[in-house]
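Q: My questions will all concern the structure given below.
The values are calculated or read from the model by the stated rules, or taken from the named source; none is laboratory data. The structure displayed is predicted, hence computed values, not measured ones. Ideal geometry is used to build each Cβ from the backbone, glycine not excepted, and the neighbour counts take in all protein chains shown.
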Amino acid sequence: MRNLIAFFQRFRIFLVFALLQVVALSMYFTYSDFPRIQMLTTAGSINAEILTIRNDVTKHFNLEETNKQLQWENKRLREKLKNSLYKEDKGFITVDDTLFRQNYSYIPATVINSTFDKRDNYMTIDIGRNHGIKRGDGVFSSRGVVGIVHLVSDNYAVVKTVLSKNINIDVMVEKGGSFGLLKWSGLDAKRGSISGISNDMRIKKWSRVVTRGGSGIFPRGILVGRVEKKGYIEGKPLWDITVRFSEDFRSIQHVYVVKNLMQEELDSLQQQIPEDSEEPEL
Amino acid sequence: MGGIILHSVRFILFVLFQVLVLNHLEIGWGVYPMLYPLFILLLPFEMATVPLLLVAFAMGLCIDALSNTFGLHASSALIFAYFRPVIFKLFAPRDGYENTEESNIYTMGTRWFIYAFGLLLLIHHTWFFLIEIFKLNEILLLLRKIGLSVPFSFLLSLFVQFIFSSKKKSER
């Protein structure tokens, strides 16, 4: 017993260090997959409060740019109104056809905190459980896809952005419809890549890359970016496609959260698919 | 007593500066400046290692909570605090640290500061980006992030001391 105490005395410093280190590291490596204690993230109420105050101060710096964006989006939406179309084309009404049941609804939100230069980037938005959003909902802005809701508290939520290791949103090249999973290499906040497109598919440079809507997180056809470069992967019959994001993650202010009203139906159907299908992991 | 208040105020200021200003700088090329290691360096000499570790851990957690890093800063701050006594012993001046109360650049000299703080900062940043990236095949990204962020953090720490430490001296 005395030896044991002597041992603890002698290695006290290292033991304290090791213990705290284990706590910190286990938190870091489990959090990004299974968030548990909300207090320690920006979804916690005090922390979110501080960041809201900060955002209240800094949001005005981008006011001009934000206004321009919203104006641009208004213009685009106005063009889609029935009275501004000459003849209704079926292609125009993909998401929200009033003749049918509403499939997706959108909740606007303001970004109060975001990063773009980490290996995994998160952003905090100012709506939460009380507004009806939940883990796994999609998030996009007027410029393109942003990410997926990762953590929710009563009034705030943390979004895992496209600039993350395991984001794996299913996307497709609009022309030709070849599809794959969106990845991010960690280097450049402007560019990502698509994996899993066979290299016998024809892909044109600068063609639009949009969401495929397969997992029900995003509606089909939300812009992700454009194909900037394609190359061969050595030893694999796949294209190495570089996408230039249409979203600028460095100056993001207003986003929309997607709620899929038929998610449960889709999920229960897709669960019946035998394994080995490429489901995106969150 | 005055020391405790001084360091508590510093604690809050360093956390807020890191979270509200540094985390939002848009420098690019993977540069991520971190200033809070300077706080751990400036803690008093006579502080034992165990309380030092606890303070560093608390600081890391506060920054983590406000920047969605879930323990990454806490882990790196611990590394910094753990190595602080080791490095201090390594670069100890001939007559020891007896009559110095704080290890800033004025009391310890530029040379000591560059070696000791530079080395500690390198250890800290290496650990931080190593844990953050955690993939061997992205070693180039890792090296670039370390190589660019360390000088940046170091210069920033120097700058902060030039502004604040000298002023404090003249007040006394």
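Q: Counting only residues that are among the small types (Gly, Ala, Ser) and in a loop (DSSP other than H, G, I, E, B), which one in region A:29-85 is modelled with the lowest pLDDT?
A: Within region A:29-85, the match that is modelled with the lowest pLDDT is A:Ser32.
Q: Let me ask something else about it. Residue check: is A:Lys118 of a type in the set (Lys, Arg) and within 14 Å of another protein chain (Cβ to nearest Cβ)?
A: Yes: the conditions hold for A:Lys118.
Q: Among the residues of region B:62-85, which ones are among the aliphatic types (A, V, I, L, M) and within 17 Å of B:Val9 (Cα to Cα)?
A: B:Ile63, the sole residue that qualifies.
For (1) of a type in the set (A, V, I, L, M, F, W, C); (2) within 14 Å of another protein chain (Cβ to nearest Cβ); (3) under 29 Å from A:Arg129 (Cβ atoms); (4) under 12 Å from the mean Cα position of the chain (by Cα), each residue gets a yes or a no:
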| position | (1), (2), (3), (4) |
| --- | --- |
| A:Ile148 | yes, no, yes, yes |
| A:Tyr156 | no, yes, yes, no |
| A:Phe179 | yes, no, no, no |
| A:Leu182 | yes, no, yes, yes |
| A:Lys205 | no, no, no, no |
| A:Arg220 | no, no, yes, no |
| A:Tyr232 | no, no, no, no |
| A:Ile252 | yes, yes, yes, no |
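Q: OK, next. Can you tell which of B:Leu42, B:Leu35, B:Leu25, B:Leu78 is over 14 Å from A:Val16 (Cβ atoms) and touching a Leu at 6+ places or on another chain (Cβ under 6 Å)?
A: Unique residue meeting the criteria: B:Leu35.
Q: Answer yes or no as to whether B:Ile87 is in a helix (DSSP H, G or I), among the aliphatic types (A, V, I, L, M), over 24 Å from A:Thr115 (Cβ atoms) and touching a residue at least 24 places away in the same chain (Cβ under 8 Å). If you could, list the steps in order and put the result at the bottom.
A: Numbers: in a helix (DSSP H, G or I): yes; among the aliphatic types (A, V, I, L, M): yes; over 24 Å from A:Thr115 (Cβ atoms): yes; touching a residue at least 24 places away in the same chain (Cβ under 8 Å): yes.
So B:Ile87 passes the test.
Q: Quick check on A:Ser215: is it modelled with pLDDT under 85, among the polar types (S, T, N, Q) and crowded, with 19+ Cβ neighbours inside 10 Å?
A: yes
Q: Same structure, new question: A:Val162 passes all but one of (1) buried (at least 19 other Cβ atoms within 10 Å of the Cβ); (2) within 24 Å of A:Glu65 (Cβ to Cβ); (3) within 14 Å of chain B (Cβ to nearest Cβ); (4) in contact with an Asp or Glu (Cβ under 9 Å, 6 or more places away or on another chain); which number fails?
A: For A:Val162, the exception is condition (3).
Q: Tally time: how many residues in region A:154-177 are closer than 20 Å to A:Lys230 by Cβ, out of contact with any Pro (no Cβ under 9 Å at 6 or more places or on another chain) and at pLDDT 85 or above?
A: Selection size over region A:154-177: 4.
Q: Mind checking which pairs have a first residue in region A:53-73 that is away from chain B (no Cβ under 14 Å) and a second that is at pLDDT below 80, Cβ under 9 Å, 6 or more apart or different chains?
A: Close Cβ pairs (under 9 Å, with a partner that is at pLDDT below 80) amount to A:Thr66/A:Lys59.
Q: Could you list, in sequence order, all residues of region A:121-130 that are over 17 Å from A:Lys190 (Cβ atoms), more than 8 Å from chain B (Cβ to nearest Cβ) and touching a residue at least 60 places away in the same chain (Cβ under 8 Å)? Don't jump to the end; show me each part of the working.
A: Taking region A:121-130 and keeping what is over 17 Å from A:Lys190 (Cβ atoms), we get A:122, A:124-130.
Remaining after also requiring more than 8 Å from chain B (Cβ to nearest Cβ): A:125-130.
If the condition is that a residue be over 17 Å from A:Lys190 (Cβ atoms), more than 8 Å from chain B (Cβ to nearest Cβ) and touching a residue at least 60 places away in the same chain (Cβ under 8 Å), then A:Ile125, A:Asp126, A:Ile127, A:Gly128 are the ones that fit.
Q: Scan region A:229-268 residue by residue and report those that are β-branched (Val, Ile, Thr) and within 16 Å of A:Thr211 (Cα to Cα).
A: Correct list: A:Ile241, A:Thr242, A:Val243, A:Val257, A:Val258.
Q: For region B:1-69, give me every one of the helices (runs of 4 or more DSSP H) that falls completely inside it and has 1 or more residues that are more than 14 Å from the chain's Cα centre (by Cα), exposed (fewer than 15 other Cβ atoms within 10 Å of the Cβ) and without any contact (Cβ under 8 Å) to a residue 40 or more places away in the chain. Step through it out loud before you land on a result.
A: On the way: elements: B:2-16, B:36-42, B:49-67.
By residue number, B:2-16, B:49-67.
Q: Kindly provide the set of residues from region B:68-85 that are facing another protein chain (nearest Cβ under 7 Å) and at pLDDT below 90, ordered by number.
A: Hits for region B:68-85 are B:Asn68, B:Phe70, B:Gly71, B:Leu72.
Q: Where residues in region A:268-282 are surrounded by 13 or more Cβ atoms within 10 Å (Cβ to Cβ) and within 23 Å of A:Val158 (Cα to Cα), which of them is modelled with the lowest pLDDT?
A: Checking each candidate, the answer is A:Leu282.
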